[in-house]
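Taking it in order: structure first as structure tokens, then the write-up.
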Amino acid sequence: MALRGPLSRLLRTQLGRTCQQSRAQSVAVLGAPFSKGQKRRGVEHGPKVIRDAGLVERLSSLDYSVHDFGDVSFHHPESDEPYMGVKFPRTVGAANKKLSGAVSRAIGAGHTLVMLGGDHSLGIGSVSGHAQQCPDLCLIWVDAHADLNTPMTSPSGNLHGQPVAFMLKELQDKMPEIPGFSWMKPFLTSRDLVYIGLRDVDPGEYHILKNLGIQYFTMRDIDRLGIQRVMEVTLDHLLSRKQRPIHLSFDIDAFDPSLAPATGTPANGGLTYREGIYVAEEIHNTGLLSVMDLVEVNPLLGANREAVDATASLAVDVIMSSLGQTREGAHACIDDVPSVKDDTEQLCL
């Protein structure tokens, strides 16, 4: 019988805190400088400012073998007319196809992958590429927004508000054939998905969430239940049937704008620093994180350099916590503490 509640959480935590975790000891970093999934330019510079905030150096301090694969190079067609209100469909489709292949190759090579966006339309390519290698994956989407509109329900036509709809099998008959996406087939079921941090959900998205019975936690739910209980329910929902790879897709706008001001679609009343870091820590403690996206850092939208630096630094903190940095400090594993006798013997030699 599957364990649930505090006991299952305790066992997962104990497993995650050992030095012999069942996760890759090699971390790959892949940048995706892309902005055509939405209207605000600048988010394509997200990978650079996150790297500049010390990501690779800090990952190396966790004793990982770190491989920075640089940035995916995207081609932008000269002409890409809207289709059924969807903006830049061919550009976004081609970018995600290329990203999907890059993610699949990194996972196939045995790395845990950190994908740096770029806007959240890139979730299509990142999660689908992961699914090529790990078809039984589950998805935790941490975001102020559900990103679940179909082309028919989207108020804006921006594809960064639609990526999850492309993934879900239950929405296959609701998705028109969009130019640029002929390669994309749905691969995820609604029970494989949990949202955390929602507070700006469109009417069509709300209908889909309710109609499909998707597990989600709004900021009100987090206020009511507390982040510890939210994570217990999240992980039991996704892992009680079997242990499987986790894909964490983290939009920086899940945090309150006071913490992450340099982003394109801020929404007041978001996660606190401690709540966001706790989410990341608990996912790490499962030992099952396989891919993490960190998206929507836009340095052109920070009011000043301090705002940009704060947002980029927060992004690095979330990534680090997802990969094992603890609030007790980031420490390499040691076998034992040297004794005074051992030191004395060394001095006498």
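Just a few scattered comments:
- What the phi angles of the range 173-189 give under the Karplus curve with 6.51, -1.76 and 1.60, with θ = phi - 60°, is a coupling list of 7, 9, 9, x, 7, 8, x, x, 10, 5, 6, 8, 10, x, 9, 10, 9 Hz, glycine and proline written as x.
- Checking every one of the GluC sites (Glu not before Pro) in the range 28-83 against DSSP loop status and a limit of 16 other Cβ atoms within 10 Å picks out E78.
- Of the GluC sites (Glu not before Pro) found in the range 156-210, those in coil by DSSP whose Cβ has at most 16 other Cβ atoms within 10 Å are E177.
- Unit charges on C-beta of K, R, D, E only; dipole of the chain, Debye: 920
- Cα long-axis angle, helix 203-212 against the chain (0 to 90 degrees, to the nearest 10): 60
- Between W183 and E81, the C-beta separation translates, for a Förster distance of 22 Å, into a calculated FRET efficiency of about 0.65.
- Computed from label points 7 Å out along Cα-Cβ, the spacing between N268 and Q25 is 5.0 nm.
- Lysines with Cα under 20 Å of K36, excluding same-chain neighbours fewer than 8 positions away: K48, K87, K97, K98
- Rounded to 10°, Cα long-axis angle of helix 5-16 versus longest principal axis of the chain: 60
- Taking every lysine pair in the range 122-277 that is 8 or more places apart or spans two chains, those with Cα atoms closer than 16 Å amount to 4.
- Accessible surface area normalised per residue over the range 148-209 is 41 Å², counting heavy atoms of protein chains with a 1.4 Å rolling probe.
- Relative to the current alpha-carbon distance between R305 and Q132, full extension at 0.36 nm per residue lengthens the span by 58.3 nm.
- Put a plus charge on the Cβ of each Lys and Arg, a minus charge on the Cβ of each Asp and Glu, and nothing anywhere else: the dipole of the range 206-280 about its Cα centre is then about 360 debye.
- Taking amide H as placed 1.01 Å from N in the peptide plane, D71 has its amide H under 5 Å from the amide H of G31, each at least 5 places away in sequence or on another chain.
- Taken over the Cα atoms of the chain, the convex hull encloses 153 Å³ per residue.
- Protein accessible area in the chain, 1.4 Å probe - carbon and sulfur %: 52
- Cα long-axis angle, helix 305-322 against the chain (0 to 90 degrees, to the nearest 10): 70
- Most positive-pole-ward Cα, H130, A312, P47, against dipole of the chain from beta carbon charges: H130
- With eigenvalues of the C-alpha gyration tensor scaled by 5 and rooted, the range 126-217, Å: 19, 17, 12
- Electrostatic dipole magnitude of the range 20-151 [Cβ: Lys, Arg +1; Asp, Glu -1; Cα centre; debye, to 20]: 160
- Proximal lysines relative to K341, as straight alpha-carbon distance under 25 Å, when same-chain residues fewer than 8 apart are discounted: none
The values are calculated or read from the model by the stated rules, or taken from the named source; none is laboratory data. No experiment lies behind these values; they were computed from the predicted model shown. Neighbour counts run over all protein chains shown; Cβ positions are idealised from the backbone, glycine included. Heavy atoms of the whole protein, side chains included, go into the accessibility calculation; ligands, DNA and RNA do not. Shrake-Rupley method; radii C 1.70, N 1.55, O 1.52, S 1.80 Å.
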